[in-house]
Amino acid sequence: MTPSSTAVPPPGPRVLGSTVDAQTRCAHYRGETDVIALRFKCCGEFYPCFECHEESAGHPIERWGADDAGRRAVLCGVCRTELRIDEYLRTDACPSCAARFNPGCSLHHDIYFDFTTETP
């Protein structure tokens, strides 16, 4: 974890679920690059991962469709920038603060998104 990972995060949307630090890492995913939270289409709330949502939301996940690609639904836990879905799917780091994102998250894209976008 980065030295500031336990510091109070900059202002931004609240993140629900089993967060373990101020950079949105959770009980399920807490590696150095696990620094995003996703806004879930079904409830409009940010969670660090699908498992956090499943444990506490009380409803099934609704996936974002291709028509939603321009929606701001990904939160960088380091700087609190909200990224568009299409922007997030095409990058491996935050365009605002350069924090690296976990490349393994792409294995779960089909849980959150009902479409694919090629990544670089």
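Taken together, the values in this text are just the output of simple stated rules run on the coordinates, not laboratory data. Quantities reported herein were computed from a predicted structural model and do not represent experimental measurements. Using ideal geometry, Cβ is built from the backbone for each residue, glycine included, and neighbour counts are taken over all protein chains shown.
Out of 29, 88, which single residue is touching a Pro at 6+ places or on another chain (Cβ under 7 Å) and surrounded by 14 or more Cβ atoms within 10 Å (Cβ to Cβ)? Exactly one of 29, 88 is touching a Pro at 6+ places or on another chain (Cβ under 7 Å) and surrounded by 14 or more Cβ atoms within 10 Å (Cβ to Cβ), namely 29. In the condition set (1) surrounded by fewer than 17 Cβ atoms within 10 Å (Cβ to Cβ); (2) within 11 Å of the chain's Cα centre (by Cα), residue 40 is compliant with all but (1).
Inside region 29-49, residues that are within 19 Å of residue 61 (Cβ to Cβ), of a type in the set (Ser, Thr, Tyr) and assigned to a loop (DSSP other than H, G, I, E, B) make up a count of 1. Checking region 70-85 against the condition returns no match, with no residue being among the hydroxyl-bearing types (Ser, Thr, Tyr), in contact (Cβ under 8 Å) with a residue 40 or more places away in the chain and part of a loop (DSSP other than H, G, I, E, B).
Among residues that are over 20 Å from residue 13 (Cα atoms) and in a loop (DSSP other than H, G, I, E, B), residue 91 is included. Residues in region 55-69 that are surrounded by 15 or more Cβ atoms within 10 Å (Cβ to Cβ) and outside any strand (DSSP E or B): 55, 57, 61, 63, 68, 69.
May I ask you to verify whether residue 33 is free of Cβ contacts under 8 Å to residues at least 40 places away in the same chain and of a type in the set (Ser, Thr, Tyr)?
Answer is no for this residue.
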